[in-house]
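Before any comments, here is the structure.
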Amino acid sequence: MADLMTTYRIIRICRHHDGLKSFYFERSFDAQPGQFINLWIPGLDEKPFSISNMDKDFMEISVKSLGPFTKKLMEFKEGDFLGIRGPFGKGFTDADNVLLVGGGIGSAPLRFMANTLKSKRRSFSFILGGKSRKDILFADEYKKENNVVLIVEDGTAENRGLVTDFIVPILRKGEIKKICGAGPEGMLLAIRKIALSEGVEYELSFERYMKCGIGICGQCCMDGSGLRLCVEGPVLRESQLAGISELGLPHRTASGKRPIV
């Protein structure tokens, strides 16, 4: 873990569409799939992002434009500089016969996991979903893979529905030993329910509002357990989730207050 801010030049940008881009930086540290970095825009703010891929030369961060920070990030060009701290947190553990289940931009850390498993010659299947095909990161690249299923809600890909609709048929084949999930919390809780019902081990990547990244500020502590998502997470297992009481509730804001629904 490197808590000191370092300036990195953007060496390449992959534009998926105007509000979805992947940024590439020179690789200068090691990381596990599921870990995250804090990205800093000088004069604006610092935000956490999962690492979406790494190879021997570069690190990839995939970002969707959602708020003021990410909208500003969409304006950056190749050659511009950004600050990076990290990597932080606990990632996915190594395994074989894995089912990766990702939803929307939340699937970013699973791209890193898939490429890591492939490099280690591990067996895995990948279910990727989004509201439309354009919201699935690197959809054209994944479509060429036999072990990847693309699912959308609007019918712009070969499979329509929710990613959770496709999990049980794959599990029932009896080859999957673990599920790794990343995406919206409702989807993660549905995966957890299925995994427990089917008796399959799982690891899920959760999101909360984070500030320090090193477990000091307490912003990302989970109700019921006190677990610090930036240190003990963001990838959690059943033994950790069992003591958390806030799962499925609206996330706390920067003030620490939970919105009332």
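The values are calculated or read from the model by the stated rules, or taken from the named source; none is laboratory data. In this text, all values refer to a predicted model and were calculated from it rather than measured experimentally. Backbone-built Cβ (ideal geometry, glycine too); neighbour counts: all protein chains shown.
Among residues of region 211-222 being crowded, with 21+ Cβ neighbours inside 10 Å and either in contact (Cβ under 8 Å) with a residue 24 or more places away in the chain or of a type in the set (Lys, Arg) (or both), the one that is farthest from residue 50 (Cα to Cα) is 222. In region 212-253, the qualifying residues are those that are within 17 Å of the chain's Cα centre (by Cα) and β-branched (Val, Ile, Thr), and the one that is nearest to residue 91 (Cα to Cα) is 235.
Kindly indicate whether residue 243 is outside the structural domain of residue 149 (by TED's automatic domain parsing), of a type outside the set (D, E, K, R) and surrounded by fewer than 20 Cβ atoms within 10 Å (Cβ to Cβ). So residue 243 passes the test. Residues that are of a type outside the set (D, E, K, R) and within 14 Å of residue 97 (Cβ to Cβ) within region 200-217 comprise 200, 202, listed in sequence order. Against the definition (buried (at least 20 other Cβ atoms within 10 Å of the Cβ) and of a type in the set (D, E, K, R)), how does residue 228 come out, yes or no? In short, yes.
Yes/no matrix, rows are residues, columns are (1) among the hydrophobic types (A, V, I, L, M, F, W, C); (2) modelled with pLDDT under 95:
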| position | (1), (2) |
| --- | --- |
| 188 | yes, no |
| 214 | yes, yes |
| 217 | yes, yes |
| 237 | no, no |
| 241 | yes, no |
| 258 | no, yes |
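Contact map, region 223-247: residues that are at positive phi and in contact (Cβ under 8 Å) with a residue 12 or more places away in the chain paired with residues that are surrounded by 15 or more Cβ atoms within 10 Å (Cβ to Cβ) and among the β-branched types (Val, Ile, Thr), Cβ distance under 8 Å, separation 6+ or inter-chain. Pairs shown: 224/244.
Filtered by the rule that a residue be of a type in the set (Val, Ile, Thr) and under 18 Å from residue 183 (Cβ atoms), region 48-105 gives 51, 61, 63, 70, 98, 101, 105. Taking the listed residues 100, 117, the one that is without any contact (Cβ under 8 Å) to a residue 40 or more places away in the chain and not polar (S, T, N, Q) is 117, with no other qualifying.
With respect to (1) of a type in the set (Asp, Glu); (2) more than 29 Å from residue 37 (Cα to Cα); (3) assigned to a strand (DSSP E or B), the lone exception for residue 175 is condition (3). Number of residues in region 193-210 that are basic (Lys, Arg) and in contact (Cβ under 8 Å) with a residue 40 or more places away in the chain equals 1.
Would you confirm whether any residue within region 182-192 is assigned to a loop (DSSP other than H, G, I, E, B) and either buried (at least 20 other Cβ atoms within 10 Å of the Cβ) or free of Cβ contacts under 8 Å to residues at least 24 places away in the same chain (or both)? Yes: one or more hits. Quick check, is residue 180 farther than 23 Å from residue 104 by Cα and outside the structural domain of residue 33 (by TED's automatic domain parsing)? Taking the combined requirement at face value, the residue does not satisfy it. Residues in region 193-214 that are closer than 19 Å to residue 246 by Cβ and in a loop (DSSP other than H, G, I, E, B): 206, 207, 208, 209, 210, 211.
The rows are residues; the columns are (1) surrounded by 19 or more Cβ atoms within 10 Å (Cβ to Cβ); (2) at pLDDT 95 or above; (3) within 18 Å of residue 27 (Cα to Cα).
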| position | (1), (2), (3) |
| --- | --- |
| 60 | yes, yes, yes |
| 67 | no, no, no |
| 75 | no, yes, no |
| 78 | no, yes, yes |
| 83 | no, yes, yes |
| 87 | yes, yes, yes |
| 90 | yes, yes, no |
| 93 | no, yes, no |
| 105 | yes, no, no |
